[in-house]
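Worksheet: one structure, shown below.
Each value in this text was obtained by applying a stated rule to the coordinates, not by laboratory testing. Quick caveat: nothing in here was measured; it's all calculated off a predicted structure. When we count neighbours, we look across all protein chains shown, and the Cβ atoms used for this are built from the backbone with ideal geometry, even at glycine.
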Amino acid sequence: MNWFFANLHDRKRRLMILGIIMGALVGIVSLVSTLVLGYTSLKEQQQLLSDLVSSQITYIENFDRRYMDSPASMRERTPLAHTIDVAAMAQSRYRSAGGSARFCIARKKGGKIRFLVRDSKRVASDDPDAEKNFRAQQDRPMARALESQFGRTVAPNVSGNWAVMAYGPIVTRSGVLGMVAYIDLLEFLRPFAVAVAVCFAVGALLVVASLYLFFRISDPVLRALQESEREYRELVEGANNIIVRILRNGTIGLANRYAHDFFGMDQLVGKSAREILTSEKDERSIFDFSVGQKGQVAVEALAVRRDGTEAHISWAVRPVLDEDGSVCELLCIGVDVTPRYVAMQARREVEDRFRAIAKASPVGIVITDVHGNLVYANEKMHDMTDSYAAQMAGMGWMRHIHDRDRGAMKEFWVGNTGRDSASRLELRLLRGETVVWALVQRVSLRNRQGEKVGYVLTFTDVSQIKEAEARHKRLTAAIDQSAEIVIITDAYGVIEYVNPAFERVTGFSREEALGQNPSILSSGEQSEEFYADMWNTILRGDVWSGRFVNRRKDGSTYEQESTIAPVREEDGTIVNIVAVARDVTEQLALEAQLRQAQKLESIGELAAGIAHEINTPTQYVDSNLHFLETSFATLMKMTQGCIEVLEQARQSPDASDVVASLNEIMDKDEVEFLAEDVPGALKESLEGVQRVAEIVRSVKQLAHPGELKMAMHDMNEIIRNAVTVSTNEWKYASEMHLDLDESLPPVLCLKGEMSQVVLNLIVNAAHAVEERLGSSPDPKGDIFVRTREEGEHIVIEVEDTGVGMPESVVARVFDPFFTTKDVGKGTGQGLAIAHNVVVLVHGGTIDVQTEPGQGSTFCVRIPIEHPDMENVSSV
């Protein structure tokens, strides 16, 4: 600033130099603009000349063709002469119309150029200038035209003056002519020279006027600058900030009064700025003259007050440039910001603690202003939305809220602007292609004046909770809609939950059942031991499955199939018991009917064989009865004869006549025959009757509807009855071999159901043998039926030497309605029912071992006494 005021007396000299520079600039600008304009106009004029030449050539060539195509009688002159006349006339008309271009037309004659038209006029044949050297510089454009070239150039014309030219060939039937059109260059440039002179004159006048006005105005401005300097000094001295100027050598050139008081020195000028203005602890060089390349800079540094304490000074450093643009001084203004620095440090520590807490927080945190613009979002929030800071900036974080929840979020925000209490909202966040459920809590932020300045929102990921709730709802809905009975009790058997199926089946409402024990359904048909065993199984942590009879609220009973399992905590403690059950009363009745129908079907299939088995003993009983009838008649005849002889003997004294009569009546051979055959006939008839009775008894036992409860039965007797009934099925193709363990204990079973199982196995074995060997083979096949005791089970084996089964058939052999027999010979229900009876009813197993072409063995294992089956009815 001092340098500026010290050089005010040079203002006039500087104004003169400025005027000269401005005048020179005006002249240069005028000249350059004129040259550019002239060059542009020259190019445009060349293009116009080229277009003009092309149009003239086209006109002449067209006229030449029309003239040559006209009848010879109409041609008064030679084609060339006529063409030259037409060209001269056309160019003359062009000049008359105000055209500035001139034209020349010539033809090549020998090694020279013969001009035919010059300056739009015909050239006389005796004109001494009519012919020119072909290579003369002035005629080069014409020479190029005669060589069939088009072009444009700036060159001397036929008069030796520089001109703007365009040229091209005229192709006629008399030969090639050349055409050149030109405009004198001096004539073309004359307007531009005048324009340059006018522009320069006007510019010079403007420069002079500007300098005069500037000089007239600058005097009050200079006085104003002097006044400004005075005010500036007063401002600097009265400022409550440190103001210093640092010279290029690093010393202080100026310091205000506040700087002297702050640093406690009477004289700062000439002192080292680094030693005075910064603390020894601060290694930074803040008063670097390289700031001239950076412009004004702001920096904070430590300084030492007059009392020796350190202060934080915020410096604004601005460079002062000299005439060369180099930094000659630094103007430094310092503000003591120690209180603010201490407050900022405390705030920074609080912010650091907050950021650490927010970074480690398991919930997303968003801080916004009152308009919803993002101020801060922690890492958890970025992770929950799979976004980065730039995407969340402004209102961008709202784009990560699901479209369907965005309106609710805005309403949640706007609708709660007057409240300070925390508010909650559940919504969905978008994390890429996935959805994250979050619980949002909002708290208002207020400043010290109580004005609302923003909001803090926390986003807690509740996706797993929502998923668990959804699963719970689905599970509850499924249980409520389930046809199965569901009962949940605590560990002590107190009912905590029943589903609608329970109410529908038992007649007890949910309110009546809750808090009760499942014993309210007890029918009394199961023993105490049965329930004790069931509870022991459950409390051991095992799953219990079985059937028992329950009683409804109205007193009626129903049979229930249940699966009961304990629910454990992580430590293994049983906290609940879950029972899933279903009413199988109707199912059991239908299955019993199905099995009875299958029994009757089996009897129907065996009816012909049974009839045959009964027919054989019946026939010989009938034959023997006829024999006994005849024998009886003979005996009666003999007896009657004997009676008559005895009467005669009483009346006749001669005994010889009596003897003769007796001999005649009593045929010795006949008597011997009757004595021999009658006892045998009687015995045979008795055996036949017994056989029929046995068959009828076996059929009756097989066809009996069955028992309602299990009882102890002789399994060997069941097998023998089945063998008897099925005799006609196996006797023609097989030999029956019974290997029965007579020491077998009675078995707890349903006799009718087990009879059906054994009968199905024997009949299937007979059919398998017949399929392999035929209906009457010799020798016959074999069927072996064995029984034995294995531990707590009895084993029944039915082995045949039949056709066997492949693996594909074995895999489905117990499936309902699966059969390999021909249509009409089987329904596919026999083995399925056998499996159901053995496994589900009696708790046993049924297996098959087979080899194709060799035969099959079915093995049935049934427990002798099964505690769980003690009260089970027929299935």
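Per residue of region 720-729, what does 6.51 cos²θ - 1.76 cosθ + 1.60 with θ = phi - 60° give for ³J(HN,Hα)? Whole Hz please, x for Gly and Pro, Karplus curve as stated.
4, 4, 5, 4, 4, 5, 8, 3, 5, 7
When the chain is fully extended, how far beyond the present Cα-Cα distance does VAL848 get from SER776, taking 0.36 nm per residue of separation?
Contour length minus the Cα-Cα distance gives 23.3 nm.
Could you work out the relative contact order of region 343-467? I mean the mean sequence separation of Cα pairs under 8 Å and 6+ apart, divided by the number of residues, in percent.
Dividing the mean separation by the residue count of region 343-467 yields 24 percent.
Rank by packing, highest mean first: peptides 791-799, 303-311, with packing defined as the count of other Cβ atoms within 10 Å averaged across residues.
On the way: 791-799: 18.4, 303-311: 13.4.
Output ranking for 791-799, 303-311: 791-799, 303-311.
Apply 1/(1 + (r/R0)^6) to the Cβ-Cβ distance of ALA491 and LEU840, taking R0 = 25 Å, and write down the FRET efficiency to the nearest 0.05.
The computed FRET efficiency comes out at 0.25.
Pairs LYS709/LYS780; LYS359/LYS466; LYS473/LYS709: which are spaced more than 31 Å apart, C-alpha to C-alpha?
Violating the 31 Å limit, Cα to Cα: LYS709/LYS780; LYS473/LYS709.
VAL575 versus SER527, label points 7 Å from Cα toward the beta carbon: distance in nm?
That separation, rounded to one decimal, is 3.8 nm.
List LYS452, LYS751, LYS466, LYS359 from most exposed to least, where exposure is judged by having the fewest other Cβ atoms within 10 Å.
Fewest to most other Cβ atoms nearby, the residues stand as LYS359, LYS452, LYS466, LYS751.
Calculate, in nm to one decimal, what SER148 and VAL299 gain on full extension: separation in residues at 0.36 nm each, minus their alpha carbon distance.
Net length gain for the segment: 46.5 nm.
What's the exposure ranking of PHE354, PHE103, going from fewest to most Cβ atoms within 10 Å?
Taking fewest neighbouring Cβ atoms as first place, the list is PHE354, PHE103.
Can you order the peptides 107-113, 474-480, 495-501 by their average number of other Cβ atoms within 10 Å per residue, highest first?
Details: 107-113: 15.1, 474-480: 11.6, 495-501: 19.0.
My ranking of the peptides, most packed first, is 495-501, 107-113, 474-480.
Packing-wise, with mean Cβ within 10 Å as the measure, how do 847-858, 328-339 rank, highest first?
Per-residue mean Cβ counts within 10 Å order the peptides as 328-339, 847-858.
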